[in-house]
1. For residues that are touching a helix residue (DSSP H, G or I) at 6+ places or on another chain (Cβ under 9 Å) and not in a loop (DSSP other than H, G, I, E, B), tally how many sit in segment 64-117.
2. Of the residues that make up segment 147-158, is at least one more than 14 Å from the chain's Cα centre (by Cα), hydroxyl-bearing (Ser, Thr, Tyr) and modelled with pLDDT of 95 or more?
3. Of the residues that make up segment 162-176, is at least one within 21 Å of Asn214 (Cβ to Cβ), over 13 Å from the mean Cα position of the chain (by Cα), in a helix (DSSP H, G or I) and modelled with pLDDT under 95?
4. For Ala191, state whether it is buried (at least 21 other Cβ atoms within 10 Å of the Cβ), in contact with a helix residue (DSSP H, G or I) (Cβ under 7 Å, 6 or more places away or on another chain) and in a strand (DSSP E or B).
5. Scan segment 157-188 residue by residue and report those that are buried (at least 23 other Cβ atoms within 10 Å of the Cβ) and touching a His at 6+ places or on another chain (Cβ under 9 Å).
6. Can you go through Ala41, Ala119 and tell me which one is surrounded by fewer than 18 Cβ atoms within 10 Å (Cβ to Cβ) and either among the hydrophobic types (A, V, I, L, M, F, W, C) or within 27 Å of Asn203 (Cα to Cα) (or both)?
7. Looking at the structure I just gave you, is Val31 touching a strand residue (DSSP E or B) at 6+ places or on another chain (Cβ under 8 Å), hydrophobic (A, V, I, L, M, F, W, C) and modelled with pLDDT of 95 or more?
8. Take segment 194-220 and flag every residue that is closer than 12 Å to Ala166 by Cβ and either within 14 Å of the chain's Cα centre (by Cα) or assigned to a loop (DSSP other than H, G, I, E, B) (or both).
Amino acid sequence: MATVLITGANRGIGYALSTIFQQRGDEVIAVCRQSSAELDALGVEVIAGVDVAEAESVAALAQKLQGRRLDLLFNNAGILVSQSLDTLCFDDVARQFEVNAMGPLRLTHAVLANLGEGAKIAMVTSRMGSMADNGSGGQYGYRMSKAALNAASVSLAQDLKSRGIAVAILHPGYVQTGMVGFGGEVTPEAAAERLIARVDELNLENTGTFWHANGEVLPW
């Protein structure tokens, strides 16, 4: 049995991940800003009131986890504020950076003492953070924040390899969640299954790889 911490666990991909890991018999620590009835009924440990963009909030979470080993950290929490060049709002760009890029790095840094040799870190990013794959423009804050997350994740993979900790950088696909108005191509459950399959394959030889959930290696 592994101990898995999942952020953004109250809905969408995070809730689906929590459900699958719980069904596999793992110990799930479901972290979120605000819980949901579905998450509360799941029978996992729920730690609500955590905002990954707030340093004090993350520090309080780390204090609660002091002394507990984490086998897998699933940095899933994220936001999307749809923007074109004509509707660009720099406050929204900054907020996406705080949540999507700074948040996962802040949380990972805060719980490093909980991650021993053999632990894994999964970063839920997006292929929209790929510069080579950008053929449509727009979405400035989201693209920039996910590109920054990708860069941080590669650095983490390099720095943590000597500690025996591997890092996966994962695009879940176009998922039917509230973030995209439920207009995606794959259900959260199917996306979660694929993401978990990639994490199961993660090791120190392929650490730092940018994967589509279907197993395709994505361009930077």
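1. We begin by selecting, within segment 64-117, every residue touching a helix residue (DSSP H, G or I) at 6+ places or on another chain (Cβ under 9 Å); these are 65-70, 72-85, 88-90, 92-115.
If we keep only those that are not in a loop (DSSP other than H, G, I, E, B) too, we end up with 72-75, 90, 92-110, 112-114.
Summing the residues that are touching a helix residue (DSSP H, G or I) at 6+ places or on another chain (Cβ under 9 Å) and not in a loop (DSSP other than H, G, I, E, B) in segment 64-117 gives 27.
2. yes
3. no
4. Numbers: buried (at least 21 other Cβ atoms within 10 Å of the Cβ): yes; in contact with a helix residue (DSSP H, G or I) (Cβ under 7 Å, 6 or more places away or on another chain): yes; in a strand (DSSP E or B): no.
Criteria not met by Ala191.
5. Answer for segment 157-188, where residues must be buried (at least 23 other Cβ atoms within 10 Å of the Cβ) and touching a His at 6+ places or on another chain (Cβ under 9 Å): Leu170, His171, Pro172.
6. Details: Ala119 fails: surrounded by fewer than 18 Cβ atoms within 10 Å (Cβ to Cβ).
Step by step, each of Ala41, Ala119 is checked, and only Ala41 is surrounded by fewer than 18 Cβ atoms within 10 Å (Cβ to Cβ) and either among the hydrophobic types (A, V, I, L, M, F, W, C) or within 27 Å of Asn203 (Cα to Cα) (or both).
7. Details: touching a strand residue (DSSP E or B) at 6+ places or on another chain (Cβ under 8 Å): yes; hydrophobic (A, V, I, L, M, F, W, C): yes; modelled with pLDDT of 95 or more: yes.
Yes: the conditions hold for Val31.
8. So in segment 194-220, the residues closer than 12 Å to Ala166 by Cβ come out as 198-209.
Within segment 194-220, Arg198, Val199, Leu202, Asn203, Leu204, Glu205, Asn206, Thr207, Gly208, Thr209 qualify.
The values are calculated or read from the model by the stated rules, or taken from the named source; none is laboratory data. Just so it is clear, the model here is predicted, and its values are computed rather than measured. No Cβ is skipped: glycine too gets one built from the backbone with ideal geometry, and neighbour counts run over all protein chains shown.
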